[in-house]
Amino acid sequence: TVIARNYISRFGGIDLIALDSERLALFEVRYRRRDHFGSATVSAFLARQYRVLMASHTFMASSRGYCNRHCRFDIITLHGLRGS
């Protein structure tokens, strides 16, 4: 069940937050049409992961119903031209 899309906090954002059974699933989506400047996977570097983690703390602290749930973090990477 999707809870939030494009959640923004002062630390950064989370692309998608969902509830998977009793666990929060937090998704970071990275897309690259070309890999001239690095692949979509490489673009999810450590600093970006830290911002997602800090944004998740903000979300859970401000959402009473979700503050004590276990979480999982997923990174979805896509590459290539859209529609191909």
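Summary of computed values
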| read-out | value |
| --- | --- |
| Of all residues making up the range 47-57, the number that are open to solvent by 80 Å² or more (accessible area, probe 1.4 Å) and closer than 16 Å to Asp20 by Cβ | 0 |
| Checking His36 against (1) surrounded by 12 or more Cβ atoms within 10 Å (Cβ to Cβ); (2) modelled with pLDDT under 90, the condition it does not meet | (1) |
| The range 58-84: number of residues that are closer than 15 Å to Phe11 by Cβ and either at pLDDT below 85 or surrounded by 14 or more Cβ atoms within 10 Å (Cβ to Cβ) (or both) | 4 |
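The values are calculated or read from the model by the stated rules, or taken from the named source; none is laboratory data. All figures in this text were calculated on a predicted structure; none of them were measured in a lab. Please note: Cβ atoms are built from the backbone with ideal geometry, for glycine as well, and neighbour counts cover all protein chains shown. With ligands, DNA and RNA removed, areas are computed over all heavy atoms of the protein, side chains included. Shrake-Rupley method; radii C 1.70, N 1.55, O 1.52, S 1.80 Å.
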